[in-house]
């Protein structure tokens, strides 16, 4: 059933000779499936290998021109899955595209901090990068209509939208798969880094973030609770963002001294991962965090929409020291858009006075259960 869900990306739209196509994204979101789907349709003569293969690691990290060119000889396309496992992969790929101008090269990777570090500099001007997220609601429209998506909203809020979670048959299956992702995959790349103190500390940090969805996060408070220094907390948060676990959103300010910009908010890129981190899978009727689930869902779905539809802009929250706030602000193409997220939707709120006063030309909208589809599709 997963293969029936058409992804927004088609690799054929991105491949070019002398450019490496790099597909980033969390583990288990379907990068390999996307690659295999493309390879099943291509007429190009291709070779598919995995970065887990020690022999491939040795060849592509060797920086030996002859060895690397012999490896690719006779092929029109080289595809490397899990490329982040290969040391100095960027240099190996650079040799391929520089020395074999007509060769098409595709690399997938689950950890941006690793892959971009290894790929970034050697492939400057020689790569196209795309990010694949867990399934977006606009992708699921290929499987369900909007009425059916609304009916499944509670499922998405609690279990998220990783492909194998969406297609699992029972709640028990979904929970088991999510726990496997968190325990076996989520920290796999992170724990390979030097100076990481262990899985328990990382999970404790994620748990603290999970309880602060929609709130401004104080690194000092996190450091105190975890008994580590602030710089280490900041480093771990940066690593989690580059590993596609969380997304940092900063505060917006242009005019007012009273606007808060020193702190940030953190969202999980998938609701199911957030709930698995705190082992909380109760139905929404038996939860006191439905507002946080709703905000996290809308933020991540909006990010997916903007990414897949090439709506380029910068994202913020807005808050004053007096407590006036907007959950989501977009600055895009000279326009400023402010959004307030409301689960209950009973009362239509006016835009904050200070926002209206400072940014009178900005657009404002309340996003609730009645109109959320317009915001994310």
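The values are calculated or read from the model by the stated rules, or taken from the named source; none is laboratory data. Because the structure is predicted, anything quoted here is derived from the model rather than measured. Here the Cβ positions follow ideal geometry from the backbone for every residue, glycine too, while neighbour counts run over all protein chains shown.
Out of region 212-227, which residues are more than 24 Å from the chain's Cα centre (by Cα) and crowded, with 16+ Cβ neighbours inside 10 Å?
Across region 212-227, the qualifying residues are 223, 226.
Only residues that are touching a strand residue (DSSP E or B) at 6+ places or on another chain (Cβ under 9 Å), under 22 Å from residue 253 (Cβ atoms) and either in contact (Cβ under 8 Å) with a residue 24 or more places away in the chain or buried (at least 18 other Cβ atoms within 10 Å of the Cβ) (or both): list them for region 348-366, please.
Hits for region 348-366 are 351, 352, 354, 355, 358, 359, 361, 362, 363, 364, 365.
Tally up the residues in region 98-107 that are at pLDDT below 95 and part of a strand (DSSP E or B), please.
0
For a quick check of your reading of the model, give me the residue pairs whose first member lies in region 56-77 and is within 16 Å of residue 90 (Cβ to Cβ) and not assigned by TED's automatic domain parsing to the domain that holds residue 102, whose second is assigned to a helix (DSSP H, G or I) and modelled with pLDDT of 95 or more, with beta-carbon atoms closer than 7 Å and at least 6 apart or on different chains.
Cβ pairs passing all conditions: none.
Which of the residues belonging to region 285-295 are in contact with a helix residue (DSSP H, G or I) (Cβ under 8 Å, 6 or more places away or on another chain) and under 14 Å from residue 369 (Cα atoms)? Step through it out loud before you land on a result.
Quick first cut of region 285-295, residues in contact with a helix residue (DSSP H, G or I) (Cβ under 8 Å, 6 or more places away or on another chain) only: 287, 290, 293-294.
Passing the criteria: 290, 293, 294.
Residues are listed down the side, and each one gets a yes or a no for (1) farther than 23 Å from residue 14 by Cβ; (2) over 27 Å from the mean Cα position of the chain (by Cα); (3) modelled with pLDDT of 95 or more:
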{"position": "45", "(1), (2), (3)": "no, yes, yes"}
{"position": "49", "(1), (2), (3)": "no, no, yes"}
{"position": "58", "(1), (2), (3)": "yes, yes, yes"}
{"position": "62", "(1), (2), (3)": "yes, yes, yes"}
{"position": "66", "(1), (2), (3)": "yes, yes, yes"}
{"position": "76", "(1), (2), (3)": "no, yes, yes"}
{"position": "79", "(1), (2), (3)": "no, no, yes"}
{"position": "87", "(1), (2), (3)": "yes, no, no"}
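Could you list, in sequence order, the residues of region 79-97 that are part of a helix (DSSP H, G or I), under 23 Å from residue 132 (Cα atoms) and touching a helix residue (DSSP H, G or I) at 6+ places or on another chain (Cβ under 6 Å)?
Within region 79-97, 83, 84, 89, 90 qualify.
With crowded, with 16+ Cβ neighbours inside 10 Å and in the same structural domain as residue 160 (by TED's automatic domain parsing) as the only criterion, which of 209, 191 stands out? If you could, list the steps in order and put the result at the bottom.
On the way: 191 fails: crowded, with 16+ Cβ neighbours inside 10 Å.
Just one listed residue meets the conditions, 209.
Does any residue of region 160-180 turn out to be touching a strand residue (DSSP E or B) at 6+ places or on another chain (Cβ under 9 Å) and touching a residue at least 24 places away in the same chain (Cβ under 8 Å)? Spell out how you get there, then give the answer.
The first filter runs over region 160-180 and keeps only residues touching a strand residue (DSSP E or B) at 6+ places or on another chain (Cβ under 9 Å), leaving 160.
Add one more test, that the residue is touching a residue at least 24 places away in the same chain (Cβ under 8 Å), and what stays is 160.
Within region 160-180, one or more residues are touching a strand residue (DSSP E or B) at 6+ places or on another chain (Cβ under 9 Å) and touching a residue at least 24 places away in the same chain (Cβ under 8 Å).
Go through (1) out of contact with any helix residue (DSSP H, G or I) (no Cβ under 7 Å at 6 or more places or on another chain); (2) buried (at least 16 other Cβ atoms within 10 Å of the Cβ); (3) modelled with pLDDT of 95 or more one by one and return the number of the condition residue 26 breaks.
(3)
Of everything in region 250-274, what is in contact with a strand residue (DSSP E or B) (Cβ under 7 Å, 6 or more places away or on another chain) and part of a helix (DSSP H, G or I)? Give them in sequence order.
The one that is in contact with a strand residue (DSSP E or B) (Cβ under 7 Å, 6 or more places away or on another chain) and part of a helix (DSSP H, G or I): 274.
Could you tell me which of the residues 258, 283 is modelled with pLDDT of 95 or more, more than 20 Å from residue 137 (Cα to Cα) and surrounded by fewer than 17 Cβ atoms within 10 Å (Cβ to Cβ)?
283
So, in region 239-249, how many residues would count as being in contact (Cβ under 8 Å) with a residue 60 or more places away in the chain, closer than 20 Å to residue 304 by Cα and either touching a strand residue (DSSP E or B) at 6+ places or on another chain (Cβ under 8 Å) or part of a helix (DSSP H, G or I) (or both)?
Of the residues in that region, 4 qualify.
Here's the yes/no breakdown for (1) under 30 Å from residue 359 (Cα atoms); (2) touching a residue at least 12 places away in the same chain (Cβ under 8 Å); (3) in the same structural domain as residue 30 (by TED's automatic domain parsing):
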residue: 201; (1), (2), (3): no, yes, no
residue: 213; (1), (2), (3): yes, yes, no
residue: 226; (1), (2), (3): no, yes, no
residue: 233; (1), (2), (3): no, yes, no
residue: 251; (1), (2), (3): yes, yes, no
residue: 261; (1), (2), (3): yes, no, no
residue: 268; (1), (2), (3): yes, yes, no
residue: 286; (1), (2), (3): no, no, no
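Checking residue 40 against (1) buried (at least 22 other Cβ atoms within 10 Å of the Cβ); (2) under 28 Å from residue 166 (Cα atoms), which test does it fail?
(1)
Please determine whether any residue of region 305-322 is assigned to a loop (DSSP other than H, G, I, E, B), at pLDDT below 95 and in contact with a helix residue (DSSP H, G or I) (Cβ under 6 Å, 6 or more places away or on another chain).
No, region 305-322 has no match at all.
Within region 297-319, is there a residue that is surrounded by 16 or more Cβ atoms within 10 Å (Cβ to Cβ), in contact (Cβ under 8 Å) with a residue 40 or more places away in the chain and more than 20 Å from the chain's Cα centre (by Cα)?
yes
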